[in-house]
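Novice: Encoded as structure tokens, here's the structure I'll be asking about.
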Amino acid sequence: MANFLETLPSEADLKKWAPSDLRDWFRVIIPEVGRTIIPGNLEVTERFTSHRGHHFHKIPEVFIQLHGSNRIDTPGNTIAMYPGDALIMPRGVPHRESFSTGKQGFAHLVFTLNQDRIDFHMGVSSQEDRPRTGLISGAAMRHAPQCRGYLEDIISSRNGLSPLGDTGERALWQAACGMIHQALSMPETDSNNESPRITWVRHYIQNHISDSNLTVSSIASVMHCSADYLSHRFHTEVGQRFSAYLRQARLAFAQELLIEPELSVSEIAFASGFQSSSYFIRVYRQHFGVSPGKARKR
């Protein structure tokens, strides 16, 4: 913990960094994280559901607090995070954040392990404004699914489903950190023509798919660029309009949730970010040629 805090640059310095600086520093500090926090387990009927002002992610998300403090609210649970703390947010758990700046402002790192890469960004803020997404970076990670499995095992253990004890949980965390360190130590490659920012946008969509207000404008606001610019860049690099990509992502997530028997079609519609169940059913039928109810029975 002491080593972690000693390595923290000031919030002002963080704002001057380039993505490569964040990548290099993240590789060094990830094994030094202190307290690891996990919200209490929720039933399926409490996960993947909408709560006012809350959102959830389809894969686990990890917060690492750098400066200031962060309050994470989940149904029936409030967690306070301080510099050096890491929080593993389980998939599907509704949550919202509120922050408090310290003497050096506010900063935290957030990362997700996607199918074949790790993506992370830094939220920073001075005394007078809300946290904004600053640096965005990531790296190819061949073992990302295995690493994500370690996080899922820690979550299960912490919630008593498969107890590993403190030693076992810490060993899994260190193993996950080692895999992340290895991925970030590899030379960056240009395997495709997609920029890191557009890759981040695609994964941001996946991780905020339950937000019915998610639009190109809302993401552009987070990234501090214009909606027209982001829309153009997205279409150019992905080869698909943002609205069409978002609709397909919502439908794909809805298909995943249809295997959860505890969730109704209406709950799945809202969990996937559709503003009404009737609209969801109509769009689903147009895309797949069958209603979600009939698709579930197959």
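The values are calculated or read from the model by the stated rules, or taken from the named source; none is laboratory data. Small disclaimer: the values here were computed from a predicted structure and weren't measured. Note that we place each Cβ from the backbone using ideal geometry, even for glycine, and neighbour counts take in every protein chain shown.
Novice: Among the helices (runs of 4 or more DSSP H) lying completely within segment 191-268, list those that include at least 3 residues that are under 29 Å from VAL124 (Cβ atoms) and either hydroxyl-bearing (Ser, Thr, Tyr) or touching a Cys at 6+ places or on another chain (Cβ under 8 Å) (or both).
Specialist: 216-223, 227-238
Novice: Can you tell me which condition ARG202 does not meet? The list is (1) within 20 Å of ILE88 (Cα to Cα); (2) under 18 Å from the mean Cα position of the chain (by Cα), and all the others hold.
Specialist: (1)
Novice: Another question, if that's okay. Starting from residues that are under 13 Å from ILE38 (Cβ atoms) and out of contact with any strand residue (DSSP E or B) (no Cβ under 8 Å at 6 or more places or on another chain), keep the ones in segment 151-162 and report whichever is surrounded by the most Cβ atoms within 10 Å (Cβ to Cβ). Steps first, answer last, please.
Specialist: Of the residues in segment 151-162, the ones under 13 Å from ILE38 (Cβ atoms) are 151-161.
When the remaining residues are screened for being out of contact with any strand residue (DSSP E or B) (no Cβ under 8 Å at 6 or more places or on another chain), the result is 152-153, 156-161.
Numbers: GLU152: 16, ASP153: 18, SER156: 16, SER157: 18, ARG158: 21, ASN159: 15, GLY160: 9, LEU161: 10.
Among residues in segment 151-162 that are under 13 Å from ILE38 (Cβ atoms) and out of contact with any strand residue (DSSP E or B) (no Cβ under 8 Å at 6 or more places or on another chain), the one surrounded by the most Cβ atoms within 10 Å (Cβ to Cβ) is ARG158.
Novice: Still on this structure: Conditions first: (1) buried (at least 18 other Cβ atoms within 10 Å of the Cβ); (2) touching a strand residue (DSSP E or B) at 6+ places or on another chain (Cβ under 6 Å); (3) part of a loop (DSSP other than H, G, I, E, B). GLY273 passes all but one, so which condition is the exception?
Specialist: All conditions pass for GLY273, except number (2).
Novice: Can you run down the residue pairs with Cβ atoms below 6 Å, 6 or more apart or on separate chains, where the first is in segment 218-236 and among the aromatic types (Phe, Trp, Tyr) and the partner is modelled with pLDDT of 90 or more?
Specialist: PHE234/PHE242
Novice: With the requirement that a residue be of a type in the set (Gly, Ala, Ser) and over 16 Å from VAL290 (Cα atoms), what does segment 239-254 give you?
Specialist: GLY239, SER243, ALA244, ALA249
Novice: Let me ask you something else. Provide a single number: the residues in segment 62-71 that are modelled with pLDDT of 85 or more and either touching a Phe, Trp or Tyr at 6+ places or on another chain (Cβ under 7 Å) or closer than 23 Å to ALA176 by Cα (or both).
Specialist: Selection size over segment 62-71: 6.
Novice: Next up: For the subset of segment 75-85 comprising residues that are modelled with pLDDT of 85 or more and more than 13 Å from ALA107 (Cα to Cα), which member is surrounded by the most Cβ atoms within 10 Å (Cβ to Cβ)?
Specialist: Step by step, filter segment 75-85, then rank; the result is ILE79.
Novice: I'm told LEU161 meets every condition in (1) free of Cβ contacts under 8 Å to residues at least 12 places away in the same chain; (2) over 21 Å from ASP119 (Cβ atoms); (3) of a type outside the set (D, E, K, R) except one. Can you identify the failing condition by its number?
Specialist: (1)
Novice: Identify all residues within segment 278-298 that are charged (D, E, K, R), surrounded by 11 or more Cβ atoms within 10 Å (Cβ to Cβ) and not in a helix (DSSP H, G or I); write none if there are none.
Specialist: none
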